[in-house]
Amino acid sequence: MEKMRAFYVAVLGFEVEWEPDPQNLYLTSGLDNLALHEVSNDLSPGSLDHLGILVKIPQDVDAWASYLKQNGVALSMEPKTHRDGARSIYFKDPEENVIQIIFHPPISSKL
C-alpha cells in the first residue's frame, strides 16, 4: 500500500482524503475519488481493464507523458490520437494496474 500511496500522491497528484487503517486508502483529485483496498486472500484478479483519468485538453496528455517519463514511469503506449478525436496514453501503477490518461472530446470540456 505504501508504494501505491506514494505513486498516486507523489506522481499522479492525488491527495489523501481518508486513511482509516494501513490497508485502506481513499484519495481525491479534487474532481474524482479513488479507493484503494489491500486484499489479503487469494482471489483471482478482477476484470478491470484499466482506470481512466480525464484531462481537459489534448496537450495535457503529452504533458503527462513527459512528466511520467521524467519520474521513471514507463509508458505502455505513447501519446496517440484515436479515430474519435480522443488522445491518450497508458501506463501501470506499482501493482500493475493499467491507467489511461485521456482527453475525451464529449466530456473533457466539462472539467
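The values are calculated or read from the model by the stated rules, or taken from the named source; none is laboratory data. Model, not experiment: these values are computed from the prediction. Note: ideal-geometry Cβ built from the backbone for every residue, glycine included; neighbour counts use all protein chains shown. For accessibility, only protein heavy atoms count, side chains too; no ligands or nucleic acids. Shrake-Rupley method; radii C 1.70, N 1.55, O 1.52, S 1.80 Å.
Values computed for the structure shown
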quantity	calculated
Residue in the range 80-89 that is modelled with pLDDT of 90 or more, farther than 22 Å from Lys110 by Cα and in contact with a Phe, Trp or Tyr (Cβ under 7 Å, 6 or more places away or on another chain) present	no
Unique residue being of a type in the set (Lys, Arg) and under 22 Å from Glu2 (Cα atoms) when the list is Lys56, Lys69	Lys69
Selection count, the range 76-111, where residues are open to solvent by less than 50 Å² (accessible area, probe 1.4 Å), within 23 Å of Ala35 (Cα to Cα) and among the hydrophobic types (A, V, I, L, M, F, W, C)	7
Every residue from the range 64-75 that is open to solvent by 30 Å² or more (accessible area, probe 1.4 Å) and touching a residue at least 60 places away in the same chain (Cβ under 8 Å)	Asn71
Any strands (runs of 3 or more DSSP E) falling wholly within the range 20-111 and containing at least 3 residues that are charged (D, E, K, R)	none
Ala63 being at pLDDT 90 or above, of a type in the set (A, V, I, L, M, F, W, C) and over 20 Å from Val11 (Cα atoms)	no
